[in-house]
């Protein structure tokens, strides 16, 4: 929900504090209507000021958005030009082997390996290395 930046509420148009009880507030109905109309015009001018600030803010937002869109259009134009200049028959394309092997700790749904499993794997690989070096020693003696 967006935060309210401006709150515009109508004010009381014809409310007037009586300076003292003996003074006459308004002499006739014409003066009452003139006061109400002048206060209405004042509120309309305040509303116009708020509308002007809203439109200025909207204009600045649209101008910054327009600059960003122009930048993106330039980048897209450069990419289109670069792609049209490329000839797929002349460009070297790397060939990748589609066969691959899974590592020991690979699983389809990845989860962190437990420390016990990692330690057991480390011990197993150390044993294999030691067995390999023992075989190498035997072969050297022969």
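Values computed for the structure shown
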| quantity | calculated |
| --- | --- |
| Calculated FRET value between residue 81 and residue 59, using beta carbons and R₀ = 35 Å, to 0.05 | 0.60 |
| Rough spin-label spacing in nm, given labels placed 7 Å along Cα→Cβ, for residue 41 and residue 90 | 7.6 nm |
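Here, each number is a calculation from the coordinates, and none is a lab measurement. Values in this document were obtained by computation on a predicted structure and should not be read as measured data. Backbone-built Cβ (ideal geometry, glycine too); neighbour counts: all protein chains shown.
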